[in-house]
Structure formats: structure tokens, C-alpha cells
């Protein structure tokens, strides 16, 4: 089914994207895809280099008569977020993506598609291979391991790139030019404890499963008000513990720091006399969640099932402290930008909660386009979990990309878009971590902008990219390169 993508227009763009869907490329497993890109560049006879961290740059000379034009860099990242629905067995390190066409969209069967940012890489490859285009010198930069840690961008060194203009192809809304983005920081929280080996006599074990949430990108989708599975589960656990005598044995919720959690699970024990009442409480909570998120979530499923009785439990004081801290921690949109109405300034995503084997681990991704606001949110989260006795470490920090509304490439691309499509493009700041801010650290004078086709629900199995918008972006890039 995936091979049908090759027939879409523009064919060379979709052909390269199809190739990328066939190469497993989750973050941290870059050898196969960087090898593919290296061979691609060398087979075209173009200068192709790889740096110490794995980034690849391919240089294409100017077409005759355009030699004096400035060098333009087309930049994208090669890794993808590995998310799947729980009922399928897909190995992201071995299996290709099963992509298919659905009207004007390309999506994948029960997994992320990898259009974030495979479609950006495919657009750059098409520019490199198309000998009919007119342009000055072009560099295509393919970075590695963007989705977790932005290692490729952080590893870039001065001198690896020659161009002074960079067009990042990792945005997700056609007709919008992004001139800034949020920075981020990871909050890594841990608490070690000794299990309570006494399980009250007469208790029964229950497995709680909260599934069916939409999830999504913790930056670009955070304003949509989608449910966070970890927050919902712990909201329930608080009442179950306080009013039904529940004891917590283990929890596992969420999977990736930059994805809104779609699923969360817990094993608890309760007095046998309360079992029937707990089943009713679970049903009541499912109905309540569905009502609260009506029009936002449509498949929230909350179930309880009998489970084998565990041999130990989390101590009550630890359980209570963690439940209170997770209930209290900030999650979702925290502040908005005044200069760019409708744009989130600061947010947090309670991404992962795992409590098992005498260790609680919690990971939260904080985003903000303001460094001081970012630190304020981090400080607030640190205080909440420090009160629970947990160890809190901040890591993985990266700066945002500060807007430059007088950018020369911005002016060129605004004029180009209006000439092509008869209207002004929107100029925005993105509440997500683009690599531009990090690249700017190594190349402070580089003029940057970010574009991309319509891409919905990244970082979730619902990810999809608009076919018609890919064609518009292709024409836009080609026209821009001729004008610069």
C-alpha cells in the first residue's frame, strides 16, 4: 500500500518520502537513514559530508548565471517519533511504516507516519536531484536525533555549513512563516523507596487502564486542551485511595517526553468489600471524563479488571505524597504571548510516570519562548516534587529562537508567497522546539525561517500530512530559491 505514494505529485518528493518510510529511523537509530542520505548525495556526484555526531550536509552548485547568489541551506531532521497503538506489534527498529492515502492526506496504519520530519528531508532531496531548477548554491543539512535532545543540532560546529540563509522545513502549517520558537527543559524526577511487603488480608487486586486518548505533540498541540492520561489517572487514584482504601502497587503512563500521554495504567489493591463500589466509580469517572472532554476527545476508555494480587505495595506515605504532587503539578498551557495573539508562551507536559521496583520516575517537558518564564515553571515544578521528598534534576535545556521581523529571507518569502498564491502568508512564533535556536548558537549571524506543509497530530498514531499542501510548499521552495 505504501508504494502508492510514489504516484503522488510532485513525484520525486513523494518518491523520496516513500523511501524514508521503508527505513526504520526512530531517534537514536540513525545509521541506516544517514547511510541512505550519504549514498544519495554521492550517487548524484555532489559534495557530501558527515560530521562527528552524524549530521549530513550535501552541497549542490549554483545553476549557470546564479553563481553570485547567496548560499541557501535547506534543513530538516532524519529521525521520527516512534508511537503506536497498543494493540499492534510494530518494531520501529526493524519494520517499515505502513503508509496509505486517505483523500488529501497521507497517514499510517496505527503508527506515527514520520512526515515529521521526513517530508522536509524529501523536499530537500528533490531540490538536490532536480536539474531543471534555477538557484544559487544550495546546501541540504540533514540533522540527527532531533526528537530527543536535539543532539544533531547541538553537535553542529562552526564551519560545517557555508550558507548564511537557512530555511528550516520542519513547520506544520502551509501558508505560515515561522520566525521564532520556544526553548525547552526536561524535569527528571525520581524517588527511591522500600516496598511495603504487607498486603492487607482480604484485599483484591485491580488493573486500571486508561486508553483511547488522542495524545499529540506536546508543543504544537498543547493549546488544543487534550486530556493527559497521567493527570486523569492520578485524579482518580486520589479518590480511590482516600474514599475506597486503595493501595498503589505500580503505575506506568506515557511513553515520550514530547508526546502528550495517551495511555496510563495502574495496579492497585482494595478491600474486597469495596470492589463492587470501585467498579462503579471507574464507570462514573469514564462518563465524567467523556463529558468534560466532549468535542476534544472521543474515545476515552477507562476500565478495571481483576489482577493477580501483588506481593508488595508502595508505602502509604510515599503513595500519598506522589499522588498529591502529580495532582498539583502544572500541566498544559501556562502563559500566552501578547505580541503574537493565540500563541502559547509557556507550557508543561507531564509526559511519563513510572512507579515500580522501588523507584518512582517522572519526566516533564517544559517549553517557553521566554527563558525567565521557562525557569519560573521549572522552579514551580521543582518545589512541588521536592515537597514530596523527590529528587529533581533539570536537564536537556535549549534556548528558544528569538524572532527577527526584519529578516531579509522573511521579506523575500513573504513577497514570493504573495506572487504565487495571491495573499500574504502569516508570520508566527511556534510553541515547539525547532532546531533553529540551537543552530543559531553556532552560527549567530545566520538568517533563518521555518516553513512546511499541513501536518496534523504529529507524535501520535493519527499523524497525517496533506498531499495538496506538500505540492504548494514544493512550488514555494523552488520559487524562493530562484528569487533569493
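Being surrounded by 17 or more Cβ atoms within 10 Å (Cβ to Cβ), in a loop (DSSP other than H, G, I, E, B) and either on the phi < 0 side of the Ramachandran plot or touching a helix residue (DSSP H, G or I) at 6+ places or on another chain (Cβ under 6 Å) (or both) is the requirement here; does residue 437 meet it?
The answer is no for residue 437.
Counting only residues that are surrounded by fewer than 16 Cβ atoms within 10 Å (Cβ to Cβ) and part of a strand (DSSP E or B), how many does the stretch 397-423 have?
Looking only at that region, the number is 1.
Looking only at residues that are free of Cβ contacts under 8 Å to residues at least 60 places away in the same chain and in contact with a helix residue (DSSP H, G or I) (Cβ under 7 Å, 6 or more places away or on another chain) in the stretch 315-338, which one is surrounded by the most Cβ atoms within 10 Å (Cβ to Cβ)? Talk me through it step by step, then tell me what you get.
So the first thing to find is which residues in the stretch 315-338 are free of Cβ contacts under 8 Å to residues at least 60 places away in the same chain, and the list is 317, 328-330, 334-336, 338.
Right, trim to in contact with a helix residue (DSSP H, G or I) (Cβ under 7 Å, 6 or more places away or on another chain) and you get 328-330, 334-335.
Working: 328: 15, 329: 22, 330: 16, 334: 19, 335: 15.
Of everything passing the filter in the stretch 315-338, 329 is surrounded by the most Cβ atoms within 10 Å (Cβ to Cβ).
Given the structure, is residue 204 more than 22 Å from residue 363 (Cβ to Cβ), at pLDDT 95 or above, touching a helix residue (DSSP H, G or I) at 6+ places or on another chain (Cβ under 8 Å) and assigned to a strand (DSSP E or B)?
On the way: more than 22 Å from residue 363 (Cβ to Cβ): yes; at pLDDT 95 or above: yes; touching a helix residue (DSSP H, G or I) at 6+ places or on another chain (Cβ under 8 Å): yes; assigned to a strand (DSSP E or B): yes.
Criteria met by residue 204.
Looking at the stretch 355-394, which of its residues are part of a strand (DSSP E or B) and within 21 Å of residue 226 (Cβ to Cβ)? Write out each step before concluding.
The first filter runs over the stretch 355-394 and keeps only residues part of a strand (DSSP E or B), leaving 355-356, 359-368, 391-394.
Correct list: 362, 363, 364, 365, 366, 367, 368.
For residue 95, state whether it is surrounded by fewer than 16 Cβ atoms within 10 Å (Cβ to Cβ), assigned to a loop (DSSP other than H, G, I, E, B) and in contact (Cβ under 8 Å) with a residue 60 or more places away in the chain.
Values: surrounded by fewer than 16 Cβ atoms within 10 Å (Cβ to Cβ): yes; assigned to a loop (DSSP other than H, G, I, E, B): yes; in contact (Cβ under 8 Å) with a residue 60 or more places away in the chain: yes.
Considered against the rule, which asks whether it is surrounded by fewer than 16 Cβ atoms within 10 Å (Cβ to Cβ), assigned to a loop (DSSP other than H, G, I, E, B) and in contact (Cβ under 8 Å) with a residue 60 or more places away in the chain, residue 95 comes out as yes.
Among (1) part of a strand (DSSP E or B); (2) modelled with pLDDT under 95; (3) surrounded by fewer than 16 Cβ atoms within 10 Å (Cβ to Cβ), where does residue 341 come up short?
Here residue 341 meets the rest and fails (1).
What single numbered condition from (1) touching a helix residue (DSSP H, G or I) at 6+ places or on another chain (Cβ under 7 Å); (2) assigned to a loop (DSSP other than H, G, I, E, B) fails to hold for residue 123?
Every listed condition holds for residue 123 apart from (2).
Yes/no matrix, rows are residues, columns are (1) in contact with a strand residue (DSSP E or B) (Cβ under 8 Å, 6 or more places away or on another chain); (2) touching a residue at least 60 places away in the same chain (Cβ under 8 Å); (3) under 23 Å from residue 334 (Cα atoms); (4) outside any helix (DSSP H, G or I):
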position	(1), (2), (3), (4)
214	no, yes, yes, yes
219	yes, yes, yes, yes
234	yes, yes, yes, no
237	yes, yes, no, no
242	no, no, no, no
249	yes, yes, no, yes
262	yes, yes, yes, yes
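If a residue must be surrounded by fewer than 22 Cβ atoms within 10 Å (Cβ to Cβ), in contact with a strand residue (DSSP E or B) (Cβ under 8 Å, 6 or more places away or on another chain) and within 10 Å of residue 439 (Cα to Cα), how many such residues does the stretch 145-155 contain?
1
When you look at residue 22, is it more than 22 Å from residue 436 (Cα to Cα) and either in contact with a strand residue (DSSP E or B) (Cβ under 7 Å, 6 or more places away or on another chain) or at pLDDT below 95 (or both), yes or no? Write out each step before concluding.
On the way: more than 22 Å from residue 436 (Cα to Cα): yes; either in contact with a strand residue (DSSP E or B) (Cβ under 7 Å, 6 or more places away or on another chain) or at pLDDT below 95 (or both): no.
Judged against the criteria, residue 22 is not a match.
Here are some residues: 210, 177, 191. Which one is in a strand (DSSP E or B), within 29 Å of residue 470 (Cβ to Cβ), modelled with pLDDT of 95 or more and touching a strand residue (DSSP E or B) at 6+ places or on another chain (Cβ under 6 Å)? Break it down into steps so the answer makes sense when it comes.
Values: 210 fails: within 29 Å of residue 470 (Cβ to Cβ); 191 fails: within 29 Å of residue 470 (Cβ to Cβ).
Step by step, each of 210, 177, 191 is checked, and only 177 is in a strand (DSSP E or B), within 29 Å of residue 470 (Cβ to Cβ), modelled with pLDDT of 95 or more and touching a strand residue (DSSP E or B) at 6+ places or on another chain (Cβ under 6 Å).
Identify, please: which residue in the stretch 55-89 is under 19 Å from the mean Cα position of the chain (by Cα) and part of a loop (DSSP other than H, G, I, E, B) and is, among those, farthest from residue 25 (Cα to Cα)? Write out each step before concluding.
Step one: list which residues in the stretch 55-89 are under 19 Å from the mean Cα position of the chain (by Cα), which gives 75-86.
Still in the running and part of a loop (DSSP other than H, G, I, E, B): 78-79, 81-83, 85-86.
Numbers: 78: 7, 79: 5, 81: 9, 82: 9, 83: 12, 85: 18, 86: 20 Å.
This residue is 86.
The values are calculated or read from the model by the stated rules, or taken from the named source; none is laboratory data. This structure is a prediction, so every number in the text was calculated from the model and none was measured. Quick reminder, even Gly has a Cβ in these numbers, built from the backbone with ideal geometry, and neighbours come from all protein chains shown.
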